[in-house]
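Contents: one structure, followed by commentary.
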Amino acid sequence: ELKALEEEGVDTAEAILLSRRAHLILPTHRALDAASEAEKGKSKIGSTLKGIGPTYMDKTGRNGLRVGDLERGDLRKLYDGLKRKHERLLGLYGDL
């Protein structure tokens with residue numbers, strides 16, 4: 001999204017501020033979103049498949065990664081733990 005703005009001439013370094021508390025959407029969030037939507041079949045809700053729902057689930061569960069976490073020395077450990085959790089959840093969906 002930033003790249004598209006920059007291509008339109010927007011100086012994103014000056015125009016965009018990120019909260020340290022903003023949650024990060026990971027590739028596994030998108031995969032969880034797609035798996036959840038596929039499982040619903042004809043009852044699907046028409047998700048954008050951008051991972052917003054699963055990211056919000058991590059936010060409310062208090063285990064999501066936030067922008068401020070990018071500066072932590074244990075970021076890799078936090079990321080790997082969350083990724084393992086997501087992979088276990090994806091395993092529950094089986095082959096859709």
Sort out which residues of region 39-62 are at pLDDT 95 or above, not in a helix (DSSP H, G or I) and not small (G, A, S), and write them in order of number.
R62
What residue, of P27, P54, is under 16 Å from L89 (Cβ atoms), surrounded by fewer than 16 Cβ atoms within 10 Å (Cβ to Cβ) and not polar (S, T, N, Q)?
P27
Kindly list the number of the only condition in (1) on the phi > 0 side of the Ramachandran plot; (2) assigned to a helix (DSSP H, G or I) that fails for L82.
(1)
What are the residue pairs meeting all of these: first residue in region 11-25, first residue closer than 14 Å to Y56 by Cβ, second residue charged (D, E, K, R), Cβ atoms under 7 Å, and 6 or more apart or on different chains?
R21/R66; A22/R66; H23/D58; H23/K59; H23/R66; L24/R66; I25/K50
Candidates T48, T55, T60 - the one that is in contact with a strand residue (DSSP E or B) (Cβ under 6 Å, 6 or more places away or on another chain) and of a type in the set (V, I, T):
T55
Of the conditions (1) at pLDDT below 95; (2) in a helix (DSSP H, G or I), the single one that K77 does not satisfy is (1)
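The values are calculated or read from the model by the stated rules, or taken from the named source; none is laboratory data. Only a predicted model underlies this, so the values are computations on that prediction, with no experimental measurement involved. Please note: Cβ atoms are built from the backbone with ideal geometry, for glycine as well, and neighbour counts cover all protein chains shown.
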